[in-house]
Structures are given as C-alpha cells and as structure tokens.
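What follows is one structure encoded as structure tokens, with my remarks underneath.
Every read-out reported here was derived from the displayed coordinates using simple, explicitly stated rules and does not represent laboratory data. These figures come from a predicted structure and were not determined experimentally. Cβ placement follows ideal geometry from the backbone for every residue including glycine, while neighbour counts extend to all protein chains displayed.
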Amino acid sequence: MNFVLIWGLFLGLSVTAIPLAFAIGLTPLLFYLLTGKYSLTVIFQSIVSVNESFTLLALPFFVLAGELMGAGGMGKRITQFAFAVVGWFPGGLAIMSVLASMIFAGVSGSAAADAAAVGSVMIPAMIKKGYDRSYASAVIASAGTIGVIIPPSIPMVLYAFVSGVSLGDLFIAGVIPGILVGLALMLCAFIIALRRGYPTERLISLRELCRTFVDCLPALLTPVIILGGIFTGIVTPTEAAVIAVMYALIVGRFIYRDLAWADIPKLLLKTGEITAVMMFIIGAGDALSWALTVENFSTIFSQWIVSLTQSRLMILILINIFLLILGGPMPLAPALLLTTPILLPVVKQFGVDPLHFGMIVVCNLAISICSPPVGNTLFIAAKLARVTVERTSIALVPFIAINIVVLLLVTYYPPFSLWLPSILRR
C-alpha cells in the first residue's frame, strides 16, 4: 500500500504554492527519503532517460513552428479569410473567431498560440462592435482548445510517447473530432448571437473572398504539407515538424514579410523556455509513474475500477468524469502523462482501441485548457479582453457544455476517431 503514501505526498505538494512540475518531481524523491526503498540513482535516471525518446524531438520543433507562424502574420491572414467566409452570419465575428481558430489549429498545434494569434485580432474587433467583453474572451478561450485536437497537436505527441500509438495515426484521428468541436462552438456562438442581437457583418464580394483566400493560401498549405508528408511516408512526424519550422520561417519572412530577423532570438528563447518546462514535466511524470508501477498501482487500480462495473459504457463514463475533474486543477500535459499509463490498461480490457482512447483523453483534457483555475486559453483571452477570469469563466459555461456533448459523441461513437485512419492505412 505504499502507493497511498505516494499519492498522499503528491496531493500534499500539489496544494502548496510550488509549481506543479516540482510537485510531480519531488514526490518520488520524498518517497525514497521516507522509505529508502529504491535507489535514488534510478529516479534521476528515469527523469533523464525518458527525454531521449526520438518521438519527443517533435515537441520543440512544433512549438517553434507555432511561434514563428504567430509572429509571421499567418494568424492575421487566417482571420481575414475567416471573416470573408462567415462574417455575414448573425454574430459573425464570434463565428469567424472559431473558424479562424480551426484553421490556425492546423498550423500551430498549440492552444496558447491559437488563442493569442486569433484573440489579439478578434477580441478588440468584437468589443468595438458591441460584444460583451466576457463573451468575447469566452469565445476565444473555448476556440483555442481546438488547437490541441486538430493536427498537428503537441498533446498528441505526448500521448504517442506514453502509449506507443503511432503519432501519424493520432494526427489523422484528430481531424473529425476537431471539426466537430469547431462546428459545435460555432453553433453555440450563433444561438447566443441570435438571443443577444449581436450584429451581422457585411457580405463580402466574390472578388474580395478570392483575394483573402489567395493571401491566406500559404498558411492553408501548412497542414497539407505536414500531414501529407507524414501519410505519404515521405517524412516522419518529427521530420515534418522540422519542415514546418522552415516553412513558417520562409512564409513569415519572405512571403508575408511580417517576421523580422530581430524577432527570431526572442522566439527561440520562448521556445526553449516552453520546451524546458515540458521536458521537466515529462521526466518528473515518468519518475512518478515508475514509482507507482513498481508499487503495482496500475494493477490494483484496474481491478478496483473493473469491480465497480462490467459495462464498457459505465467504465468510459467513470473515466470521463475522472478526467474532467482532474483537468480542473491540473494542466493538460501532466494530467495526460500521469493518467494514460494508469487508464490505458483498463480500457484495453474492455476492447477500447488505444487510438480511440487517445482521442477521448485529448478531447477531454482539452476542455481543461479553457476551464478555471489553470486553463491557459482562459487566462490569455481574459488578459486580451481586459476582463476578470471570473467573468470569463461564467461566460464559458455554454461553450464548455457543448464541448462535453462533443466529448460524449467522440467517446461513444469510435468511427469519429478511427474511420479516417483506417481509410488512409489502405
């Protein structure tokens, strides 16, 4: 029952003021100091060796690609194109914010980059047109979550590393769930706009639509290049991430000309900071998972949850509730890294495909990105709108509710996740 002590130490450290990454890393260390059960060397080797994975090389490159695309003007062009397509709907600015986030999600792979790039343009525009500040920030916060579902996706890289599932299959599996989330958020924004009487923008001429499409075309080609390269077998996902960096640099510097050479050192520094934090979390999470595995926690947990019910339907309900609750106080990356090794063996017993389960986990924990108290896009959007996090959180309720509906669809209809990968494997 030493795993009770491990979880006790983790929960105790989590409620303190120290960063969660340190709480994860200190837990196995304190467990060793209190029990002396394992070699301290093994713990540090676990932290270091896990970051030698080839799959994880994609992380810093996708992060850098997202930063370059955001600074290189892709977000602005995508927003202009989205305005031309759906701006004439009631509440068109909110709907186009979601569409722009869907397109940018296929470019960056980062929810934070998505919310910042689209929100910096759209939040001031919505406020100027009379949209409530908290509503404008809620639209951007919720739309930003699409950035981790539509490929490329940084959380999918983490899930592939932990589960052993093909990263390429995960990327293509995220296309339909990501589109479903985007359409659901647009429907929610449309209904709210009708009820509140938000304005309709002018209908764009066909000539102007074509102009914005041509201007946005280099950005729209990004997911085609990334996913096309992976699924034709020309490149690995890691190599595709490197190509995305080079493509973003060329487009931002030489085509759009919004990216200055002086900006690159700052972007590299920011990428290094984000990558270092993520790598530390991965290493610390692996050390904690190792300690729990050695203490046989996964087997005991599996037996316990199976003893509650033999119904696959109920097992998935319990897991979704568990992940939704966990996603509130815990950021996506550590939540994914800690829960996947525990929950994956359970769902396998009930015949759930690991690829399908990956979509369940990513879609579930994506909701936490815009949820209080630690949601990244929540804080980014609230800051851009100059409104309190509390007001944004209240305005987010209908968007989170519709996200949960889509989560249930993805959970209980596996073809949403598995059909497209199965077609492309042929």
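Odds and ends about this structure:
- Bridgeable lysines around residue 128 (alpha carbons under 18 Å apart, same-chain partners fewer than 8 residues away excluded): 76, 383.
- The alpha carbons of the chain occupy a box of 70, 49, 46 Å along the principal axes, longest dimension given first.
- Gyration tensor verdict on region 276-410 (Cα atoms; rounded if a/c is under 1.5, prolate if a/b is larger than b/c, oblate otherwise): oblate
- Aspartates and glutamates whose Cα lies under 13 Å from that of residue 129, excluding same-chain neighbours fewer than 8 positions away: 201
- Distance cut-off 17 Å, percentage of C-alpha pairs in region 220-321 lying past it: 73 percent
- Extreme residue, positive dipole direction of the chain, given options 39, 109, 194 (C-beta unit charges): 194
- Residue separation of residue 32 and residue 7 scaled by 0.36 nm, minus their Cα-Cα distance, works out to 7.6 nm of gained length.
- Under 5 Å between amide hydrogens, built in the peptide plane, is the criterion, and for residue 200 it picks out 91 among residues at least 5 positions away or on other chains.
- Sorting 145, 275 from the fewest to the most surrounding beta carbons within 10 angstrom yields 275, 145.
- For residue 137, the shell of other residues with beta-carbons less than 15 Å away shows a net charge of +3, using +1 for Lys and Arg and -1 for Asp and Glu.
- Think of region 2-425 as a dipole: +1 on every Lys or Arg Cβ, -1 on every Asp or Glu Cβ, centred on the Cα centre; then among 145, 311, 122, 122 lies furthest on the positive end.
- Selected from 71, 287, 237, residue furthest toward positive end of dipole (the chain; charges at beta carbon): 71
- In this simple spin-label approximation, residue 419 and residue 383 carry label points 7 Å from Cα along the Cα→Cβ vector, and these lie 4.0 nm apart.
- The distance between label points at residue 187 and residue 239 comes to 4.1 nm (points 7 Å beyond Cα on the Cα→Cβ vector).
- Residue-count net charge about residue 388 - beta-carbon cut-off 14 Å; Lys, Arg +1, Asp, Glu -1: +2
- Note on region 2-425: with charges restricted to the Cβ of Lys and Arg (+1) and Asp and Glu (-1), its dipole about the Cα centre is near 1020 debye.
- Straight-line reach from residue 270: taking Cα to Cα under 16 Å and skipping same-chain neighbours fewer than 8 places apart, the aspartates and glutamates in range are 67, 114.
- On the basis of the beta-carbon distance and an R0 of 22 Å, residue 39 and residue 300 show a calculated FRET efficiency of 0.40.
- Span-like helix check, the chain: qualifying full DSSP H segments, with Cα axial length of 30 Å or more and mean Kyte-Doolittle of 1.0 or more, are 175-196, 206-231, 263-294.
- Note on residue 129 and residue 412: the extension gain reaches 97.9 nm, defined as 0.36 nm multiplied by sequence separation minus the Cα-Cα distance.
- Ranking of 290, 304, 7, 261 by neighbouring Cβ atoms within 10 Å, starting from the fewest: 261, 304, 7, 290.
- Under 10 Å, Cβ to Cβ, from residue 219 - net charge with Lys/Arg +1 and Asp/Glu -1: +1
- Note on region 153-194: Cα-only Rg and Dmax are 14.4, 46 Å.
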